[in-house]
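The values are calculated or read from the model by the stated rules, or taken from the named source; none is laboratory data. From a predicted model like this one, the values you see are computed outputs, not experimental measurements. Using ideal geometry, Cβ is built from the backbone for each residue, glycine included, and neighbour counts are taken over all protein chains shown.
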Number of protein chains: 2
Amino acid sequence: MAFPASCCADVRPGSAYRAAMASPVLDALTAVLPPDRVITDPDRVASYRFDRASFCPAGQPVAVVRPRNTAEVSATLRIASEMRVPVVPQGARSGLSGAANAIDDGIVLSLERMDRVLHIDTANRFVVTEPGVMNAALSRAVAEHGLFYPPDPSSWEFCSIGGNLATDSGGLCCLKYGVTSDYVLGLEVVLADGEILRTGRRTVKGVAGYDLVRLFVGSEGTLGVITEATLRLRAAAERPLTVAATYPDSLAAAAGISAVLGCGVVPSLLEYMDRASVRAVDEVFGMGFGAGVGALVIAQSDVGDVVGKAEIETIGRQLESCGALDVVLADDPSEGEMLLTARRQALPAFERLGATLVDDVCVPRDRMADLVSGIELLAERFGLIVGVVGHAGDGNFHPNVVFDSTDADQVARARRVFEEIMVLGLDLGGTITGEHGVGLLKRDLLAREIGPLGLRVHRDLKRALDPLGILNPGKIFTPDDG
Amino acid sequence: MAFPASCCADVRPGSAYRAAMASPVLDALTAVLPPDRVITDPDRVASYRFDRASFCPAGQPVAVVRPRNTAEVSATLRIASEMRVPVVPQGARSGLSGAANAIDDGIVLSLERMDRVLHIDTANRFVVTEPGVMNAALSRAVAEHGLFYPPDPSSWEFCSIGGNLATDSGGLCCLKYGVTSDYVLGLEVVLADGEILRTGRRTVKGVAGYDLVRLFVGSEGTLGVITEATLRLRAAAERPLTVAATYPDSLAAAAGISAVLGCGVVPSLLEYMDRASVRAVDEVFGMGFGAGVGALVIAQSDVGDVVGKAEIETIGRQLESCGALDVVLADDPSEGEMLLTARRQALPAFERLGATLVDDVCVPRDRMADLVSGIELLAERFGLIVGVVGHAGDGNFHPNVVFDSTDADQVARARRVFEEIMVLGLDLGGTITGEHGVGLLKRDLLAREIGPLGLRVHRDLKRALDPLGILNPGKIFTPDDG
């Protein structure tokens, strides 16, 4: 997509180009916001157009606005409402569904400069934070006080809390600790018309009125712009102990996972890699699993001490009981970290093999074997590598479709296999997304999952909170039927 | 309130009285519903008018409808929409906020006969249930499969799951296990116009679209009628071990609770009783604590085995370290149950002393001492007994205001002290309700807690889902300003 000439201009006050821009929106924005908040330089704007999703288009925005505080977010939305300009709230663009992709002639509202951790309350165990703070930065800040913010997407080093809130992110911790929405006590949200709503609370419990917090969380920027969040924390966990088991095939691995889930111990992590993933990390990073390994399962316990040791041994016995080739128990945390390396290297390994579409599907836990074997068949049918890794304890899997993005036929097959995997997930009683969100990538599939009445309710709620339809329009669902 | 003559009639088909009732609503209901579903007998209708809230008015309904299935709920709401008749969805009338109180000329829609547990999935650990099932019945049904449904309001023997969902009920387990909304995976909801929405999922994780489940949960029947719920379960916990500590006053008890919360062990129960409560159970049930006891704290561990013993001993040491008069550790579950008896007898003891208003306030955990001492001062100022019991681990307290309901002055003082306690809770950064809900009792206080913009958003959402305003109108908030 080429840049339209009207956007090839710089709006820094005093710029020679300014007079050339015939944009009332830019005029209004630069009139109320401090000079450095509005970006229109084409190269810089271009870098804000896309998140990390495959197959999702992005429009050409009129500007990127980077507010420093809630008042500036409010001013921006007030202008957008008055002028009926679409606004795309944006975190760190690490999303995988296109929800943060720019819209033609719209404003990209990047929250990246609202990046302060505002307050850590150790007595009541919560943190108040701006949305632009990186997940890892927040985790480190609270860890200094002996506290623990569990939600840990794989992208934690480069995803923002605001983005996590927008998609209700999960991660590797969910089996034991839940997802982002389980940790949100309160929010400050700027509504479409610029009004600033504070909702939720600082108490552990509270049922005063509708649960607005959880309506905004996961709404992918379509209902309001989150400018502050109060997040519940836990006492720090112990450094985890790890066990890894290799299996001849995915069915044996699924049986091992099932045995762990039934044994009473709740692991702090229970991850799965299929044959293609193991092979990819072997090929690319020389991890040395060997050709006979058809699946790998990694589990952790983070309770520490004697109990932790007992837990990880119990888990190990369960994994072994289902025909494991080998079980390695690392009762030293740093050895355990090495075992997790294979899991962490899976996506980089696939990326070295070609373009990747990182998918996300969640099924009832006892349908794991059906999902994994179904995906194997689809990969064969479409002649593509589809490596499956996943949060096995939650039934949440990420099939990585590898393809040559310069080969139109492979691209077409990649799209087809992606869609077939979603349909398979739905047929197994699952959902099209366990943690990445809908965005643009799965908009049509959402309609299939929730049906016409579900869509109607979504549209009714959207209209109630954003009557002019300026907030991230067209993401999650289309504004109207058809 | 006297029954209007038009309602003193029986609508059983063939009844001699039928022709006398000039009610098109009744005609429409009896035309589409099986004969025994519609109650108009005044005595029977009267028994459906009130829940257990103090100080809340109830109207005179045109009928009580008791559907047996979703289709009958849908038919009822379709008629109500066509005829613009208000509908009050109702569970077991155990609520404490008046949310289930009848409305003049409206329909009471009792879900009590939709009382089947439909399906228990042991592999994926969820249960599918109708709303009329009692909490205790559900808990027992899943316990037979070694599973555990944690949310446990004190009223668990006589409150329904539908009511729990409507108010997002808590209980004694929340500190470790969370509240009702933490366990709801999916819902079937009949919307105001009679359409049947299925929302949510059967998977552990899922972020496809807005979190409609948590919008309906806690909405007190104002957004839709829940006709089926899919609830997450846990593996059964071990029988709990118990420790109880007595203190000279509430400040020492608050310090003990604070020490437990900071020690790393998460108790499965951490309950508090103040001086007035201890005295009441002493007076009424002769429990023998003695006059020197100013507060009682009870804690449990439910992990069992060596770990459970270690946990309860750690908790005991923390409780002891803060000036406890006495610490009793019951490492036998049945002894522990006896220790909990005092807590369970508090409300019955107050009820023997007079009429009671059971209130509900939640503050940040480190403000417990301020709340409790503030309530003591208020009780003194208004010359009433206010006994405070509560889920101390959550900062969630139930002040029981005892008064003579035949004494107008005492009633007036009870109302005043109730309101002052709410204001105190808000001033301490808390909320007006941790688990009972808003209903009619706290409608004006909600406006104070969430402010005009919060109210506007509530009204906008209500209008989006219930444009005619037929679903429990006037509960939680008034339909319009002023």
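Tabulated results
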| quantity | calculated |
| --- | --- |
| The range B:50-67 residues that are under 13 Å from residue B:358 (Cβ atoms) and without any contact (Cβ under 8 Å) to a residue 60 or more places away in the chain, paired with ones that are among the polar types (S, T, N, Q) and surrounded by fewer than 21 Cβ atoms within 10 Å (Cβ to Cβ) (beta carbon under 7 Å, 6 or more apart) | none |
| Criterion: over 24 Å from residue A:344 (Cβ atoms), modelled with pLDDT of 95 or more and not assigned by TED's automatic domain parsing to the domain that holds residue A:93 - qualifying residue of A:139, A:181, A:169 | A:181 |
| Some residue of the range A:121-129 being in contact with a His (Cβ under 6 Å, 6 or more places away or on another chain) and part of a loop (DSSP other than H, G, I, E, B) | yes |
| Scope the range B:229-253; condition within 16 Å of residue B:144 (Cα to Cα), of a type in the set (A, V, I, L, M) and at pLDDT below 95; matching residues | B:235, B:236, B:237 |
| Counted residues, the range A:438-456 - those being aliphatic (A, V, I, L, M), buried (at least 23 other Cβ atoms within 10 Å of the Cβ) and either more than 10 Å from chain B (Cβ to nearest Cβ) or free of Cβ contacts under 8 Å to residues at least 12 places away in the same chain (or both) | 2 |
| Contacts under 7 angstrom Cβ, first residue in the range B:160-180 being at the interface with another protein chain (Cβ under 9 Å from one of its Cβ atoms) and of a type in the set (D, E, K, R), partner surrounded by fewer than 24 Cβ atoms within 10 Å (Cβ to Cβ) and outside any loop (DSSP other than H, G, I, E, B), 6 or more apart | B:168/B:181 |
| Matching option when the condition is surrounded by 17 or more Cβ atoms within 10 Å (Cβ to Cβ) and assigned to a strand (DSSP E or B), among A:299, A:280 | A:299 |
| Unique match (being under 18 Å from residue B:389 (Cα atoms) and either within 30 Å of the chain's Cα centre (by Cα) or assigned to a helix (DSSP H, G or I) (or both)) among B:310, B:342, B:291 | B:342 |
| Residue satisfying condition, being in contact with a Cys (Cβ under 9 Å, 6 or more places away or on another chain) and modelled with pLDDT of 95 or more, within set B:382, B:397, B:418 | B:397 |
| Residue, surrounded by the fewest Cβ atoms within 10 Å (Cβ to Cβ), within the range A:228-247, restricted to residues that are more than 14 Å from chain B (Cβ to nearest Cβ) and not hydrophobic (A, V, I, L, M, F, W, C) | A:239 |
| Positions within the range A:427-437 being within 9 Å of another protein chain (Cβ to nearest Cβ) and assigned to a loop (DSSP other than H, G, I, E, B), in sequence order | A:429, A:430, A:432, A:433, A:434, A:435, A:436, A:437 |
| Residue list for the range B:403-416, restricted to those being touching a helix residue (DSSP H, G or I) at 6+ places or on another chain (Cβ under 7 Å), buried (at least 17 other Cβ atoms within 10 Å of the Cβ) and touching a residue at least 40 places away in the same chain (Cβ under 8 Å) | B:403 |
| Verdict on residue B:157 being part of a strand (DSSP E or B), among the acidic types (Asp, Glu) and either surrounded by fewer than 21 Cβ atoms within 10 Å (Cβ to Cβ) or assigned by TED's automatic domain parsing to the domain that holds residue B:215 (or both) | no |
| Breaking point among (1) facing chain B (nearest Cβ under 8 Å); (2) surrounded by fewer than 20 Cβ atoms within 10 Å (Cβ to Cβ), for residue A:120 | (1) |
| Tally, over the range A:457-482, of residues that are farther than 16 Å from residue A:168 by Cβ, within 11 Å of chain B (Cβ to nearest Cβ) and without any contact (Cβ under 8 Å) to a residue 60 or more places away in the chain | 6 |
| Filtered residues of the range A:302-321 (kept if over 14 Å from residue A:241 (Cβ atoms) and buried (at least 16 other Cβ atoms within 10 Å of the Cβ)) | A:318, A:320 |
| Test: residue B:266 is in a loop (DSSP other than H, G, I, E, B) and either away from every other protein chain (no Cβ under 14 Å) or closer than 25 Å to residue B:167 by Cβ (or both) | yes |
| Extreme residue, nearest to the other protein chains (Cβ to nearest Cβ), among residues of the range B:187-222 that are more than 18 Å from the chain's Cα centre (by Cα), farther than 23 Å from residue A:174 by Cβ and of a type outside the set (D, E, K, R) | B:197 |
| From A:271, A:283, residue being closer than 13 Å to residue A:388 by Cβ and of a type outside the set (A, V, I, L, M) | A:271 |
| Answer residue from the range B:417-426, given it is within 13 Å of chain A (Cβ to nearest Cβ) and out of contact with any Asp or Glu (no Cβ under 7 Å at 6 or more places or on another chain) and is surrounded by the fewest Cβ atoms within 10 Å (Cβ to Cβ) among those | B:422 |
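Matching residues to (1) more than 14 Å from chain A (Cβ to nearest Cβ); (2) crowded, with 21+ Cβ neighbours inside 10 Å; (3) closer than 22 Å to residue B:417 by Cβ:
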| residue | (1), (2), (3) |
| --- | --- |
| B:323 | yes, no, no |
| B:326 | yes, no, no |
| B:334 | yes, no, no |
| B:339 | yes, no, no |
| B:349 | yes, yes, yes |
| B:359 | no, yes, yes |
| B:392 | no, yes, yes |
| B:398 | no, yes, yes |
